[in-house]
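Written below as structure tokens is the structure these notes are about.
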Amino acid sequence: MPAQHVQRAYSFACLGCGHGWESTYDIDVTVDDHARITAVYHLGDQRVPSPLQSPQCPACESHKVRIMRPGRVASAHLYET
């Protein structure tokens, strides 16, 4: 089966330092002859691990990260004082 290309966006919030960020991933999904699904994630031109399995804060490197639907970080910045 040929790879299916999808894009997914996520918002992230670090529970350690409070840093928030959003990223959009390009994902190539394939299913082999045994119905095993493989997903390869890219951020820009770089292959990266799935952000859903072991997210890491780019500010403090903590793995205590909450994953949310896209737009959550941007909307939270509207309420900052």
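Listed by position, the strands (runs of 3 or more DSSP E) enclosed by the stretch 1-58 that each have at least 2 residues that are within 12 Å of the chain's Cα centre (by Cα) and touching a residue at least 24 places away in the same chain (Cβ under 8 Å) are 4-14, 20-31.
If you go through the stretch 39-51 and pick out every residue that is open to solvent by 50 Å² or more (accessible area, probe 1.4 Å) and under 18 Å from H19 (Cβ atoms), you end up with 1. Restricting to the stretch 59-81, and then to whatever is of a type outside the set (D, E), surrounded by 10 or more Cβ atoms within 10 Å (Cβ to Cβ) and part of a loop (DSSP other than H, G, I, E, B), can you tell me which residue is modelled with the lowest pLDDT? Top of the filtered list is G71.
The values are calculated or read from the model by the stated rules, or taken from the named source; none is laboratory data. From a predicted model like this one, the values you see are computed outputs, not experimental measurements. All Cβ positions, even for glycine, are placed from backbone atoms using ideal geometry, and neighbour counts span all protein chains on display. When the accessible area is computed, the model is the full protein with side chains, heavy atoms only, and any ligands, DNA or RNA have been set aside. Shrake-Rupley method; radii C 1.70, N 1.55, O 1.52, S 1.80 Å.
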